[in-house]
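Enquirer: Okay, handing you the structure first.
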Amino acid sequence: MFSEQAAQRAHTLLSPPSASNATFARVPVSMYTNSSQPFRLGERSFSRQYAHIYATRLIQMRPFLVSRAKQHWGAGVQIKKLCELQPGEKCCVVGTLFKAMPLQPSILREISEEHNLLPQPPRSKYIHPDDELVLEDELQRIKLEGTIDVCKLVTGTVLAVLGSVRDTGKFLVEDHCFAELAPQEPAPCLDTDRFVLLVSGLGLGGGGGESLLGTQLLVDVVTGQLGDEGEQCSAAHVSRVILAGNLLSHNTQSRDSINKAKYLTKKTQAASVEAVKMLDEILLQLSASVPVDVMPGEFDPTNYTLPQQPLHPCMFPLATAYSTLQLVTNPYQATIDGVRFLGTSGQNVSDIFRYSSMEDHLEILEWTLRIRHISPTAPDTLGCYPFYKTDPFIFPECPHVYFCGNTPSFGSKIFRGPEDQRVLLVAVPDFSSTQTACLVNLRSLACQPISFSGFGAEEEDLGGLGLDP
Amino acid sequence: MADQLYLENIDEFVTDQNKIVTYKWLSYTLGVHVNQAKQMLYDYVERKRKENSGAQLHVTYLVSGSLIQNGHSCHKVAVVREDKLEAVKSKLAVTASIHVYSIQKAMLKDSGPLFNTDYDILKSNLQNCSKFSAIQCAAAVPRAPAESSSSEKFEQSDLQVSSETQANNELTTNGHSPPTSKQILQQPKGIMGMFASKAASKTQEANKETKTEAKEVSSAGNKAPGKGNVMNNFFGKAAMNKLKVNLDSEQAVKEEKIVEQPPVSVTEPKLAAPTGLKKPSKKAEPVKMQQKEKKRGKRMELSDDETKETESMKKKRRRIKLPESDSSEDEVIPDSPGDYEAESPSPPPPASPPPEPVPKTEPEPPSVKSSNGEKRKRKRVLKSKTFVDEEGCIGFLPRWWCRGWQFDCQVLEILGGQS
């Protein structure tokens, strides 16, 4: 682990100045490929309907589900389309789920005059006991009931259900299965420790001064200014830093100026301008010392729909001078030193959180891995580009490290798949509130949280450090 | 000795200047490796405490190490006050590093000032932020200049859109083109300069719609290289082209200057109506009308949106002194045509014959002569001149024409000693 390795060298800094001071070379980039090409959008056309994305999703996922169904329920299981169903006959159907939720915000309901409804206040979860599941395939749809967890599942999931049609016209489910993990390339064997630092939710421009010191300490650790020689030596083994979204705080998005009179807002500047300048300075310090990948997030100045396109380099005049700075998409996929990384800035997980009973972000992350789709709720409740040829959010292969940013707390887990796949799941916490980042060790595929703190007037003992007994 | 020097330095910073001395601040200020700075701070604390145990010194430390929390080993990095140091150390399972973070005279209530100190020193050292760091990255090389120059332009254009920079650069390609950055360093002379160069501005400038054009055309005439060419201007079309080129080359004025020009130029339109100029000026006329209108429009916008910037620009302008300007030249804006007339180039009598051959090619021969003949006295030398010709139109004269007495000799020389 990082700490143990750091502690191995003798402490030298509580002593008079020595003649020479060690300088460490950053581990060189041995192998890096950015595989986010599927998430790059070229010419964008929004004249298409969203139905195509569901159609292509089902077409792509069907073969995986058919093979899984055969594995689970025997090779002899009958796989039928909805139009071929006979009442009472036990068979397996593959289709896309739709969850009818009365609490789901619906723009049609909002603007409908006959209902005279006020807009619904935002809630943390929109689930309701009356939610219903409907299975849709290419031609038909059918309501589901039975042994299926309605609360947990969300719209857009492609799955296979085993059961039979009742006389009521509903499908009684006995069992269901997902596509499970995609095939995985074996992880490389590294001989030295190499780390990748995952940070998300820097939240610049948010007005909170405490996180600024934490951010500065983070940058100082990575660039080798902070710490003793041992720690600096370990920090030199950090081969990459990935900033997973929400570099700006949601406060920078305030739209007050749109509603105010022009004469009041003439001289004001958007909060994001100052925040981006600060971000540029931080990125300059980082890219002068380590390769950095910057992913946009929910509050960052790029497009809203997934996949989010990279931030424009014109916003970072100082930092783009260095070739180590890379502006990448959200979701982001890359191979770093032979280890496959895939991650998002957290919008997919938080959207599923809103429409599912699952509480733990890490659990949701694992679940998206199991259904083999990064963001099933797109385009239903999460903005998405109207794809029609392919659905790029389906996992083509299983990554070694799968992360999502901006979770409320740190979480990390090794998940094992049915074909001996081994995935490190990392829930990267929001830095502006937790002051915690994640260090992933590429050799051992383990993750260690690293947290920073200053001291404040009101802190007693070590509460701020989380070191309370 | 050199060893003790840093102790005295730190002593001075902490005790006399009452600064918060963080290791990073010390590293940049003394130009030493960060680890050495940390060791220096420690040494200072030890010695100071040894010689004077009641010394008013508060120290903050950086502690880092691992801690078992929620089932996993968490690496903690914390800045702590001296009094909490031992407590924190005892909680950590493995201590990775401890070093002095900062020294200050007063007790700090929270770590905010530490961040501010580090941030300030970092801001002034942004370009070599990893110079004294313990980790050097071989891959962190600045991009090739071709790519980086475009980012440079972004840096420099605070106010103007980069498209204007583009336009400027396009113009500079065909002439003497000092690098963009150099041009930006040259300050525009002043309103008078603007007039001077306008006289020689071509339609080409008229075609450019950007504000930059208007300003830079005018200011370009004031530049030293432009000066010689302005003189040539009166000698022929070729010279005019060259002048234009030179003006173009000097158009890459700092964008701020552009903003500064409009308010100043407000008074100019009424004086700067280039109607008086003949032939070459015919082309220039539509230019100037356009520019005038543009400037007026710009002025409106500016007064609304950017008055603050304009004011600061104005201030900047006033301090600008061109290298070749002599003390008698100033940037006073004449407020009436009369002033212009009074200050119109009135070469001394000996010089009036010389202008004669000149007027052949000069844009405004008769008017110049007349104005020259009319007004003899001239206290101030202005960068550019406007004059009233026979028809009562206000015209421009290039700067050199407005130069003081000392120029007359030069004029005489150039004109082949026809005095």
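Enquirer: Looking at the range A:290-316 only, could you name the residues that are out of contact with any strand residue (DSSP E or B) (no Cβ under 6 Å at 6 or more places or on another chain) and among the hydroxyl-bearing types (Ser, Thr, Tyr)?
Expert: A:Tyr304
Enquirer: So, one more: Tell me the residue from A:Gly95, A:Gly74 that is buried (at least 17 other Cβ atoms within 10 Å of the Cβ) and small (Gly, Ala, Ser), please. So that I can check it myself, show each step before the final result.
Expert: On the way: A:Gly74 fails: buried (at least 17 other Cβ atoms within 10 Å of the Cβ).
Only one candidate passes the filter, namely A:Gly95.
Enquirer: For the list (1) assigned to a helix (DSSP H, G or I); (2) more than 7 Å from every other protein chain (Cβ to nearest Cβ), I need the number of the one condition that B:Lys19 fails.
Expert: (1)
Enquirer: Moving on to the next point. Which members of the range B:73-101 meet the condition of being facing another protein chain (nearest Cβ under 7 Å), outside any helix (DSSP H, G or I) and not small (Gly, Ala, Ser)?
Expert: Selection gives B:Cys74, B:His75, B:Lys76, B:Val77, B:Val79, B:Val80, B:Arg81, B:Val94, B:Thr95, B:Ile98, B:His99.
Enquirer: So which strands (runs of 3 or more DSSP E) are wholly in the range A:372-440 and hold at least 2 residues that are more than 13 Å from the chain's Cα centre (by Cα)?
Expert: So the answer is A:411-416, A:422-429.
Enquirer: Filter the range B:61-72 down to the residues that are facing chain A (nearest Cβ under 7 Å), closer than 14 Å to B:Val94 by Cα and buried (at least 22 other Cβ atoms within 10 Å of the Cβ) and list them by number.
Expert: B:Ser64, B:Gly65, B:Ser66
Enquirer: Take the range B:48-58 and flag every residue that is out of contact with any Lys or Arg (no Cβ under 8 Å at 6 or more places or on another chain) and either in a loop (DSSP other than H, G, I, E, B) or surrounded by 16 or more Cβ atoms within 10 Å (Cβ to Cβ) (or both).
Expert: B:Lys48, B:Asn52, B:Ser53, B:Gly54
Enquirer: Out of everything in the range A:134-179 that is more than 22 Å from A:Pro63 (Cβ to Cβ) and among the small types (Gly, Ala, Ser), what residue ends up being surrounded by the fewest Cβ atoms within 10 Å (Cβ to Cβ)?
Expert: Looking at the filtered set, the residue picked out is A:Gly169.
Enquirer: Related question: Take the range A:18-41 and flag every residue that is crowded, with 20+ Cβ neighbours inside 10 Å and within 7 Å of another protein chain (Cβ to nearest Cβ).
Expert: Hits for the range A:18-41 are A:Asn21, A:Arg26.
Enquirer: Moving on to the next point. Conditions: (1) of a type outside the set (Val, Ile, Thr); (2) surrounded by fewer than 12 Cβ atoms within 10 Å (Cβ to Cβ); (3) within 14 Å of another protein chain (Cβ to nearest Cβ). A:Ser45 meets all but one. Number of the miss?
Expert: Just one mismatch for A:Ser45, condition (3).
Enquirer: Of the residues in the range A:317-336, how many are within 11 Å of chain B (Cβ to nearest Cβ) and not hydrophobic (A, V, I, L, M, F, W, C)? So that I can check it myself, show each step before the final result.
Expert: Pass one, the range A:317-336, residues within 11 Å of chain B (Cβ to nearest Cβ): A:317-325.
Checking which are not hydrophobic (A, V, I, L, M, F, W, C) leaves us with A:317, A:320, A:322-324.
Residues that pass the stated criteria total 5.
Enquirer: Looking only at residues in the range A:262-316 that are within 11 Å of chain B (Cβ to nearest Cβ) and of a type in the set (D, E, K, R), which one is surrounded by the fewest Cβ atoms within 10 Å (Cβ to Cβ)?
Expert: Only one residue fits best here, namely A:Lys262.
Enquirer: Let me spell it out: the conditions are (1) touching a helix residue (DSSP H, G or I) at 6+ places or on another chain (Cβ under 8 Å); (2) at pLDDT 85 or above, and A:Arg68 meets all of them except one. Which number is the exception?
Expert: Of everything listed in (1) touching a helix residue (DSSP H, G or I) at 6+ places or on another chain (Cβ under 8 Å); (2) at pLDDT 85 or above, A:Arg68 misses just condition (1).
Enquirer: Against the condition at pLDDT 90 or above and surrounded by fewer than 24 Cβ atoms within 10 Å (Cβ to Cβ), how does A:Arg372 come out, does it pass?
Expert: Details: at pLDDT 90 or above: yes; surrounded by fewer than 24 Cβ atoms within 10 Å (Cβ to Cβ): no.
Against the criterion (at pLDDT 90 or above and surrounded by fewer than 24 Cβ atoms within 10 Å (Cβ to Cβ)), A:Arg372 does not qualify.
Enquirer: Which of the residues belonging to the range B:79-118 are of a type in the set (D, E, K, R), surrounded by 17 or more Cβ atoms within 10 Å (Cβ to Cβ) and more than 40 Å from the chain's Cα centre (by Cα)?
Expert: Within the range B:79-118, B:Arg81, B:Lys84, B:Lys91 meet the criteria.
Enquirer: While we're on this one: Taking A:Thr324, is it free of Cβ contacts under 8 Å to residues at least 24 places away in the same chain and buried (at least 23 other Cβ atoms within 10 Å of the Cβ)?
Expert: No: the conditions fail for A:Thr324.
Enquirer: Restricting the range A:202-220 to residues that are facing chain B (nearest Cβ under 7 Å), out of contact with any strand residue (DSSP E or B) (no Cβ under 6 Å at 6 or more places or on another chain) and part of a helix (DSSP H, G or I), which is nearest to B:Pro113 (Cα to Cα)? Break it down into steps so the answer makes sense when it comes.
Expert: Residues of the range A:202-220 facing chain B (nearest Cβ under 7 Å): A:209, A:212-213, A:216-217.
If we keep only those that are out of contact with any strand residue (DSSP E or B) (no Cβ under 6 Å at 6 or more places or on another chain) as well, we get A:209, A:212-213, A:216.
Checking which are part of a helix (DSSP H, G or I) leaves us with A:212-213, A:216.
On the way: A:Leu212: 11, A:Leu213: 10, A:Gln216: 13 Å.
Residue satisfying both the conditions and the ranking: A:Leu213.
The values are calculated or read from the model by the stated rules, or taken from the named source; none is laboratory data. It should be emphasised that the depicted structure is a prediction, and the values quoted were computed from it without experimental measurement. Backbone-built Cβ (ideal geometry, glycine too); neighbour counts: all protein chains shown.
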